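A short worksheet on the structure shown next.
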Amino acid sequence: MLLAVLITNSEGNILVERFNGVPGEERLHWRSFLVKLGADNLKGVKNEELCVASHKSVYIVYTVLGHVSIYLVGKDEYDELALSEAIFVVTSAIKDVCGKPPTERLFLDKYGRICLCLDEIVWKGLLENTDKDRIKRLVRLKPPTEF
């Protein structure tokens, strides 16, 4: 299961969070843990260079994209390899929406579309859509031309 998708600015303030199957009382722990993990390890990391960690039998893949940091947390079948694929889909969608790796301001300007993309990519803790064109079409709310 994909337990969490968290996006923060360069100062560690949370811009977007999506938790799946994580009890409310554990979410604060995960927020602070992921922000600290990023503060300790993302300095000097290149855009889209993946970092991997594990904590309490779950896997974490995280990266920097422009001025935002993206964290994905998974367990069971969502190991490092699956999370790497998922984070690639998320970063690609954000770049498509923003037109480039985002600054915090650009990210917040496109916040609604980014949230729609995340909702199409991850559904109830499962990686739902990975096809770039399909995600674009679903976010535009246009029906498919072919079946």
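Pairwise over distinct Cα atoms, reciprocal of the mean inverse distance: report the Kirkwood radius of segment 69-136 in Å, one decimal place.
About 12.4 Å for segment 69-136.
Which shape class, rounded, prolate or oblate, goes with segment 1-133 when its Cα gyration tensor gives a ≥ b ≥ c as root eigenvalues, a/c under 1.5 marks rounded, and past that a/b bigger than b/c marks prolate?
rounded
So for each of 118-129, 34-45, 19-30, 90-101 I average, over its residues, the number of other beta carbons within 10 Å; can you give me the resulting order with the highest mean first?
Final packing ranking: 90-101, 118-129, 34-45, 19-30.
May I ask for the angle, rounded to the nearest 10°, between helix 24-41 and the longest principal axis of the chain, with both axes built from Cα atoms and the value confined to 0 to 90°?
80
If I model segment 61-103 as equal point scatterers sitting on the Cα atoms and use the Debye formula, what is log10 I(q)/I(0) at q = 0.14, 0.26, 0.27 Å⁻¹?
The computed values of log10 I(q)/I(0) come out as -0.32, -0.85, -0.89.
Add -39500 (n - 2.57) for each DSSP H run of 4 or more in the chain, then divide by its residues: what number comes out at 222 nm, to the nearest 500 deg cm²/dmol?
Taking each H run of at least 4 residues, the total per residue is -13500 deg cm²/dmol.
Putting +1 on Lys and Arg Cβ atoms and -1 on Asp and Glu Cβ atoms, find which of Cys117, Ile70, Val97 reaches farthest to the positive end of the dipole of the chain.
Val97
Please compute the per residue accessible area over the chain with all protein chains in place, 1.4 Å probe, rounded to a whole number of Å².
55
Can you pull the one-decimal nm distance between simple spin-label points at Thr103 and Trp123, each 7 Å off the Cα toward Cβ?
Between Thr103 and Trp123, the label points sit 3.6 nm apart.
With +1 on each Lys and Arg Cβ and -1 on each Asp and Glu Cβ, and nothing else charged, work out how big the dipole of the chain is about its Cα centre, in Debye to the nearest 20.
Taking the Cα centre of the chain as origin, the dipole is about 480 debye.
Tell me, what is the percent relative contact order of segment 3-147, built from C-alpha pairs under 8 Å that lie six or more residues apart?
19
Which cross-chain or sequence-distant (5 or more) residues have an amide H under 5 Å from the amide H of Glu128, H modelled 1.01 Å from N in plane?
For Glu128, whose amide H was placed from the backbone, the distant partners under 5 Å are Val122, Trp123.
Could you work out how far the C-alpha centroid of segment 1-43 sits from that of segment 74-112, in angstrom?
14
Report, to the nearest 10°, how far helix 111-121 tilts away from the longest principal axis of the Cα atoms in the chain, using its own Cα long axis and a range of 0 to 90°.
So the inclination is approximately 90 degrees.
If you place +1 on the Cβ of every Lys and Arg, -1 on the Cβ of every Asp and Glu, and leave all else neutral, what size is the dipole of segment 36-86 about its Cα centre, to the nearest 20 Debye?
320
Please find the FRET efficiency linking Glu48 to Arg140, where r is the Cβ-Cβ separation and R0 is fixed at 25 Å, and quote it to the nearest 0.05.
So, using R0 = 25 Å, E works out to roughly 0.50.
Sequence neighbours fewer than 8 away in the same chain don't count; with that in mind, list the lysines whose C-alpha is under 24 Å from Lys110.
Partners found: Lys46, Lys95, Lys100, Lys124, Lys132, Lys136, Lys142.
The values are calculated or read from the model by the stated rules, or taken from the named source; none is laboratory data. Being a predicted model, the structure only gives us computed values, none of them experimental. For neighbour counting, all protein chains shown are included, and Cβ atoms are generated from backbone atoms with ideal geometry for every residue, glycine included. Quick note on the areas: whole protein, heavy atoms, side chains included, nothing else; ligands and nucleic acids left out. Shrake-Rupley method; radii C 1.70, N 1.55, O 1.52, S 1.80 Å.
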